[in-house]
Amino acid sequence: MQQYDVIIIGSGLGSLVCGAILGKYGYRVCLFEKNRQIGGCLQTYSRDKAIIDSGVHYIGGLEEGQTLHKVFRYLGVINNMKLLRMEMDGFDHISFGNEQHVYKIAQGRDNFIQQLLVDFPKEKDALHAYLNKLEDVCGKFPLFNLRMGTAAEKESAMGEEVSEFLRSITDNERLRNVLAGNNMLYAGYPERTPLYVHALVQHSYIESAWKCVDGGSIIARSLSKTIRAQGGEIIRNKEVKEIVENNGRVSHIVLEDGKEVEGKYFISGLHPARTIGMVKGEGLRNAYKSRINSLENTPGTFMINIVLKPGTFPYLNHNVYHHATSNAWDGINYTANNWPQTYAMFVSAGTGKEQYADNLSIMTYMRYEDVAQWHDTFNTDDKPHERDASYQEFKKEKAEKLLDMVSQQYPHLRSCIHTMYVATPLTYRDYLNIPEGSMYGIVKDAREPLKSMIPAATRLPNLYLTGQNLNLHGILGVTMSAVLTCAGLVDIETLVEEINRS
């Protein structure tokens with residue numbers, strides 16, 4: 001058998017960050033990826049000469065001195081990224097119903113307040129209270145501020161719910177809905193979503209908001225270079241089928257071709273339910289397995305990626321979040337008769353595309369039950385198996401409904417379309433190995449905050465987890481979760497000090 005110090009399953013952002021960090025500490029790492037392309041949601045693909053992002057539509061906290069900038073500098077990523085700072089006075093535009101008016105979420109504390117005071121001149125105290133609370137909550141997650149702290153500090157901020165908090169600072173219903181207007185960033189549920197999820201996500205963008213020019217796959221490519229430069233390996237087109245336990249420890253993995261590979265430590269970037277389903281042995285208690293398998297996942301995504309006719313659609317240096325009703329929380333609770341109830345639109349930044357865009361993405365919610373009739377099908381570029389005509393018709397019908405909604409705000413959009421490519425929860429399930437094609441993995445619930453918090457360490461002492469299901473999703477959340485995963489193999493205080501010093 002081949003043997004490595006650390007075997008990492010999957011090559012999503014969490015796996016790549018773990019591989020890059022552990023390689024710096026002298027571990028010989030090897031990542032196994034089932035697809036041809038590495039990166040998970042960092043992947044891009046090219047259609048009609050347009051570079052389409054599969055998941056990285058914008059990133060927060062990348063200004064010099066901010067957390068993600070420091071970590072990416074330490075990992076050798078930041079200098080390879082071509083970044084475009086988004087509109088300072090409104091990186092997110094929020095709108096409701098048939099209204100033409102948009103509300104702008106701006107970068108920088110003072111600017112954030114000033115832009116919203118234009119629409120809410122009597123809400124200065126509420127806006128200050130809002131930002132003060134976000135800063136207070138974020139401060140209780142020490143690792144997100146690259147400092148050491150205690151678990152109790154973090155747990156003290158986990159039980160508060162975001163919509164309840166918004167009601168506590170203002171009676172202005174429209175302002176509350178504007179502040180929650182981009183809740184598709186975390187699949188927000190009213191009365192359930194914890195304030196800390198909203199705070200960590202929103203605060204990072206208010207600090208600074210950026211687009212990756214020519215796609216976010218540069219992050220994956222940069223991390224892979226770091227891994228390989230340190231003697232690590234990334235093996236693509238090799239799916240891990242089993243994680244084999246012997247005498248209370250993982251001894252090896254089994255690949256789809258039957259080959260066995262030994263390691264001293266193992267890290268899985270897959271969904272925890274997928275990971276425990278691969279473990280062969282008795283080391284994981286049934287109660288642990290039952291808890292993981294019972295956790296609810298966030299809904300999936302329905303996405304239209306549109307390649308635009310040249311010179312027809314102006315480049316927008318902001319994102320659009322639109323809601324069919326005056327309630328920003330309604331979108332996630334759509335019915336079969338009123339879908340879709342919300343959408344987000346992201347216009348891609350490309351070299352030479354400063355005036356006119358060459359592609360954009362439109363995203364809304366879609367539950368797995370909507371595509372469950374095709375559950376037994378599977379289709380990727382590497383393992384193509386075209387789904388039947390009924391599925392193609394389903395995609396076409398849903399795409400037209402979503403375009404009807406978007407066309408109310410952008411009536412010229414249809415005339416700008418060259419081609420479009422549609423993804424459903426099945427697409428994300430098949431490419432990313434995510435149960436039910438979930439948008440952000442396991443639901444975080446303020447009513448039971450600790451239930452959905454999954455430690456990186458498992459009961460098998462050399463098996464660890466990483467990825468969006470542990471602490472927080474998104475580029476920042478997954479990166480910092482990977483740092484925490486590495487704490488099982490390196491001294492976390494030394495690592496944090498090195499990141500700050502880099």
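What follows is calculated from the coordinates using simple rules that are stated; it is not laboratory data. Keep in mind the model is a prediction, meaning the values are calculated, not measured. Note that we place each Cβ from the backbone using ideal geometry, even for glycine, and neighbour counts take in every protein chain shown.
Things worth noting here:
- Which listed pairs, of Lys241/Lys264; Lys70/Lys225; Lys133/Lys211, have C-alpha distances above 22 Å, in listed order: Lys133/Lys211
- When you filter the chymotrypsin sites (Phe, Trp or Tyr not before Pro) in region 352-447 for DSSP loop state and at most 15 other Cβ atoms inside 10 Å of their Cβ, you are left with Phe378.
- Length gained when the stretch Val244-Thr335 is fully extended (0.36 nm per residue, less Cα-Cα span): 28.5 nm
- Difference of contour (0.36 nm per residue) and Cα-Cα distance, Arg501 to Asn111: 137.4 nm
- Placed amide H near Phe313: partners under 5 Å, 5+ positions off or other chain: Ala357
- Within straight-line cross-link reach of Lys289, aspartates and glutamates at Cα separation under 17 Å, skipping those fewer than 8 residues along the same chain: Glu242, Glu245
- Built amide H within the under 5 Å cut-off of Gly216, gap 5+: Val56
- Between Glu397 and Arg28, residue separation times 0.36 nm minus the direct Cα-Cα distance comes to 127.9 nm.
- Phi-derived couplings, Karplus 6.51 cos²θ - 1.76 cosθ + 1.60 at θ = phi - 60°, listed residue by residue for region 48-56: 6, 6, 9, 8, 10, 7, 7, x, 8 Hz, with x used for Gly and Pro.
- Distance between modelled label sites at Thr150 and Lys49, nm, 7 Å Cα→Cβ extension: 6.1
- Kirkwood Rh and Cα Rg combined as Rg over Rh, evaluated for region 299-439: 0.97
- Each label was represented as a point 7 Å from its Cα along the Cα-to-Cβ direction; for Trp374 and Lys225 these points are 3.7 nm apart.
- Near-label residues of region 362-381 by backbone N, under 16 Å of a point 7 Å along Cα→Cβ of Arg236: 380-381
- As a ratio to 2.2 N^0.38 Å, the alpha-carbon radius of gyration computed for region 285-336 takes the value 1.94.
- Checking every one of the GluC sites (Glu not before Pro) in region 236-314 against DSSP loop status and a limit of 15 other Cβ atoms within 10 Å picks out Glu256, Glu282, Glu296.
- Ser290, Ser15, Ser251 arranged by Cβ crowding within 10 Å, fewest neighbours leading: Ser290, Ser251, Ser15
- Sites listed here are GluC sites (Glu not before Pro) in region 347-432 whose DSSP assignment is loop and whose Cβ has at most 10 other Cβ atoms within 10 Å: Glu386.
- Scattering from region 1-40 was approximated by placing one identical point on each alpha carbon and applying the Debye formula without solvent; log10 I(q)/I(0) at 0.26 1/Å stands at -0.85.
- Between the helical axis of 389-409 and the longest alpha-carbon principal axis of the chain there is an angle of about 40 degrees.
- Shape box of the chain [Cα atoms, principal axes, largest first, Å]: 64, 53, 44
- Lysines whose Cα lies under 21 Å from that of Lys396, excluding same-chain neighbours fewer than 8 positions away: Lys309
- Kirkwood analysis of region 72-220, using all unique Cα-Cα pairs, places the hydrodynamic radius at 16.7 Å.
- Residues with amide H under 5 Å from that of His252, placed H, sequence gap 5 or more: Val244
- Computed over region 24-145, the convex hull of the alpha-carbon atoms projects to a mean area of 12.4 nm².
- Förster-model FRET efficiency, 30 Å R0, His418 and Thr351, C-beta, rounded to 0.05: 0.95
- Set of aspartates and glutamates with alpha-carbon distance to Lys154 below 16 Å, sequence-local pairs under 8 removed: Glu135, Asp136, Asp445, Glu448
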